1. At a threshold of 8 angstrom on Cα-Cα distance, excluding pairs fewer than six apart, so keeping six or more, what relative contact order does the chain reach in percent?
2. Can you tell me the dipole magnitude for the range 106-237 around its Cα centre, using point charges on the Cβ only (Lys, Arg +1; Asp, Glu -1), in Debye to the nearest 20?
3. Which of rounded, prolate or oblate describes the range 106-237 when judged by the alpha-carbon gyration tensor and an a/c cut-off of 1.5?
4. Taking square-rooted eigenvalues a ≥ b ≥ c of the alpha carbon gyration tensor, is the range 104-178 rounded, prolate or oblate, where a/c under 1.5 means rounded and, failing that, a/b exceeding b/c means prolate?
5. Would you mind computing, in nm to one decimal, how far apart the modelled labels at I76 and L218 are, each placed 7 Å from Cα along Cα→Cβ?
6. Past 22 Å, Cα to Cα: identify those pairs from K123/K208; K127/K188; K188/K217, in the order given.
7. What nm distance separates the two modelled labels at D162 and N254, each placed 7 Å from Cα along Cα→Cβ?
8. Suppose only helical runs count, i.e. DSSP H with n ≥ 4. What mean residue ellipticity at 222 nm does that imply for the chain under -39500 (n - 2.57) per run, divided by all residues and rounded to the nearest 500 deg cm²/dmol?
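Nothing in this text is a laboratory measurement; each read-out follows from the coordinates by a stated rule. If you're wondering where the values come from, they're calculated on a predicted model, not measured in any experiment. Cβ coordinates were reconstructed from backbone atoms using ideal geometry, including for glycine residues, and neighbour counts include every protein chain displayed.
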Amino acid sequence: MAALRSTRDLGLAPDYEGKVRDMFDLGDRYLIVTTDRISAFDVIMNDVVPGRGIVLNVMSLAWFDHFADVVPNHLITAEVGDFPAPFNQHVDALTGRSVLVHKAERFPVECVVRGYIAGSGWKSYGKDGTICGHRLPDGLQLADRLPEAIFTPSTKEDEGHDENIPFETVVEMIGDEQAGILRDISLKLYSEGSAYALPRGVILADTKFEFGMVNGKLTLIDEVLTPDSSRFWPAAEYRPGHEPPSWDKQILRNHLETLDWDHSPPPPALPSDILEKTSRRYHEVLEILFPAEAAKWETIL
Ligand SMILES: Nc1ncnc2c1ncn2[C@@H]1O[C@H](COP(=O)(O)OP(=O)(O)OP(=O)(O)O)[C@@H](O)[C@H]1O
Ligand SMILES: [Mg+2]
């Protein structure tokens with residue numbers, strides 16, 4: 001498999017380049033290519049992690065399928081041969097890492113669900129014992145499991161960091177009916193996702209979903225339950241009081257911490273063994289969660 005840093009290297013001109021995805025605006029549809037770019041501390045590295053984009057894309061597709069009875073999703077096809085020209089001429093480069101999807105009218109909220117306390121949730125709890133207006137029991141330790149999973153929405157910021165908001169703010173933004181539906185579906189997806197992952201040795205500590213409207217129907221969009229949108233913790237290493245190593249970027253972050261780099265661009269060049277180890281971690285998590293998919297994509301991964 002050839003690693004892909006940018007669709008520009010294929011002679012294509014994306015309309016939008018995110019940290020990870022290149023997007024092509026096709027009117028009522030998007031063509032989304034998940035590249036092998038990786039960011040750390042919000043800085044996109046110059047080096048790529050071979051196959052990372054394929055793992056993220058294949059994993060989202062597997063979850064879309066897993067949740068097909070819970071909520072419709074944006075997928076039209078992942079078959080590159082069925083893409084419109086000129087994309088269908090790049091079967092080798094795009095297979096496994098790209099999807100043609102319905103363009104959604106996005107809800108301006110990140111639907112975060114937390115089953116365990118970490119990250120910005122832990123910070124907020126430390127300040128006043130709450131997260132997004134949910135009062136939590138006293139005496140929780142970092143990484144503790146919450147009595148029940150909670151919906152902790154945040155704004156979707158184009159610039160800078162997303163900000164946690166109380167449920168009432170979501171109600172003000174989109175109305176109580178839609179807000180309630182987003183909350184209930186998010187909690188259901190988290191709970192079913194956790195029930196699938198935990199027996200396989202993976203704790204879904206928290207995650208973020210995005211939804212939009214497609215032809216008047218509430219639709220799951222973007223990526224789903226990937227290591228980029230979620231905290232995946234190895235259950236075997238779980239110990240409250242410590243934040244378990246995250247499954248994916250820890251090797252890279254640990255390496256970067258050993259350098260004299262101030263976390264602003266330009267990023268340092270990365271040694272090939274760090275990139276290879278990171279790549280292997282991504283393959284590993286796909287193998288653990290969706291072994292049949294990992295086997296199916298093995299030849300290009
Ligand atoms: N079906 C869809 N309709 C409309 N927008 C979508 C759809 N699917 C995904 N998106 C948007 O496309 C973008 C994907 O790009 P990417 O994930 O690379 O961005 P990013 O830099 O990570 O930014 P973000 O933090 O918003 O995810 C996201 O902003 C997501 O909300
Ligand atoms: Mg994203």
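1. The normalised contact order for the chain reaches 20 percent.
2. 420 debye
3. Oblate, because a/c is 1.5 or more while a/b does not exceed b/c.
4. Prolate, because a/c is 1.5 or more and a/b exceeds b/c.
5. Rounded to a tenth, the inter-label distance reads 2.5 nm.
6. The answer is K127/K188.
7. A separation of 2.8 nm, rounded to one decimal place.
8. Value at 222 nm, helices only, nearest 500: -9500 deg cm²/dmol.
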